[in-house]
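Data block below; observations after.
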């Protein structure tokens, strides 16, 4: 069986790339088709595959600023020649599911969300008069065109799997399609409690610094609380604005190495998760280290965090509500082994088993070797 993997872009190892990594293990000879590839930015497992980037890779600053080419991404993904493959397996949060397949090829899509920029997070990215004329006049037209393409492209997929019930509901709402739910896997061997229990006296955010993550909400929650420290690790288009806005008790780091990420989680008091996520793999990584999570009561976090046992929720996306949850966190005693036991439900073995069941049901589950 000839298999091709299609992924939106390869510029860093986040939750979507961990799913792709599992598919690379499952299909070790499968080539990967992607919008852009920054060599060395993903795991050795992924880098070992043949990787074919789109024409966006050759455009000015195509790799570093591919988001600016959003209007071209549908055309880029459609231009891949996927003839001769028996199975195309896409992992998509933007355009990967729109890859064109040929008669006789099955196309299965593991969907992290329908195109985030024009559906659930359009206002965060493009609303609130973020852009002046003429961009502010053209963006609604562009968004409408991309939504139209997105809805049409979903019909190229034979079967959807969603990374959460939250995303499955979006797929049903915007595409009119059913999707089975397969939660992503978390490396519960790499993320584990520290050998010596202890806390570094800080709360932690690990996140891309983009609008829908709501990092500014967290900055305001820690403002005026000098005794409470917050560490924010990540980078993105919002970084300069957030740095200017941050109070003195908030410290920023760039993306951490895998080893540094584990150490930072192991040493923190709690993980703070202020945005609405499709699934949210970082809270599960924190829980695997025995750390409680403070999360907004929405999205995928509601499928992973157990209130009062592995973390706490705040109900409104306001600094006051988040600050109140942080106060409750300090008043409660937490059981790190119990928190970790809950996170173990999201391990790799469970993910592989559920993916195998999906492939078998779709008639493409034969061992590729």
### Message
From the gyration tensor of the Cα coordinates in the range 283-369, what semi-axes in whole Å does the equivalent ellipsoid have, largest first, with each one equal to sqrt(5λ)?
### Response
34, 16, 8
### Message
Shape verdict for the range 1-93, please, from the Cα gyration tensor: rounded (a/c under 1.5), prolate (a/b greater than b/c) or oblate.
### Response
oblate
### Query
Once you sort the root eigenvalues of the Cα gyration tensor of the range 243-320 as a ≥ b ≥ c, which label holds: rounded (a/c under 1.5), prolate (a/b larger than b/c) or oblate (the other case)?
oblate
#### Entry: Simple label model, 7 Å out from Cα along Cβ direction - residue 38 to residue 237, nm
1.5
### Task
Quote the FRET efficiency, to the nearest 0.05, computed for residue 316 versus residue 196 with a Förster distance R0 of 30 Å and r equal to the Cβ-Cβ distance.
0.20
### Task
Would you please put 143-156, 11-24 in order of how densely packed they are, using the mean number of other Cβ atoms within 10 angstrom per residue and starting with the highest?
11-24, 143-156
### Message
Please report the projected area of the range 38-78's Cα convex hull averaged over all directions, in nm².
### Response
3.2
### Query
Zone of residue 357 (label point 7 Å along Cα→Cβ, backbone N under 11 Å): which residues in the range 156-200?
181-183
### Message
What are the equivalent ellipsoid semi-axes of the range 329-369, built from the alpha-carbon gyration tensor (square roots of five times its eigenvalues), in whole angstrom, biggest first?
### Response
38, 9, 5
#### Entry: When the convex hull of its Cα atoms is projected in every direction, mean area for the range 202-345 (nm²)
7.7
#### Entry: Relative contact order (%) - criterion: Cα under 8 Å, at least six apart; region: the range 51-114
28
### Query
Cα atoms only, the range 177-276: Rg and Dmax in Å?
15.1, 49
### Value of [θ]222 nm, deg cm²/dmol, for the chain, DSSP H segments ≥ 4, -39500 (n - 2.57) each, nearest 500
-9500 deg cm²/dmol
### Inter-site label distance for residue 68 and residue 251 at 7 Å from Cα along Cβ, in nm
3.4
### Message
Give me the mean projected area, in nm² to one decimal, of the convex hull enclosing the Cα positions of the range 141-203.
### Response
8.0
### Message
Just to be sure I understand: with springs between alpha-carbon atoms less than 10 Å apart, which residue in 162, 325, 357 has the highest mean-square fluctuation in the Gaussian network model of the chain?
### Response
357
#### Entry: Rg/Rh for the chain, where both radii come from Cα atoms and Rh is the Kirkwood radius
0.96
### Summary
Pseudo-spin-label distance residue 350 to residue 327, built 7 Å along Cα→Cβ, given in nm, is 3.4
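Values in this text are rule-based calculations from the coordinates and carry no lab data. All figures in this text were calculated on a predicted structure; none of them were measured in a lab. Here Cβ is always computed from backbone atoms with ideal geometry, including for glycine, and neighbour counts include all displayed protein chains.
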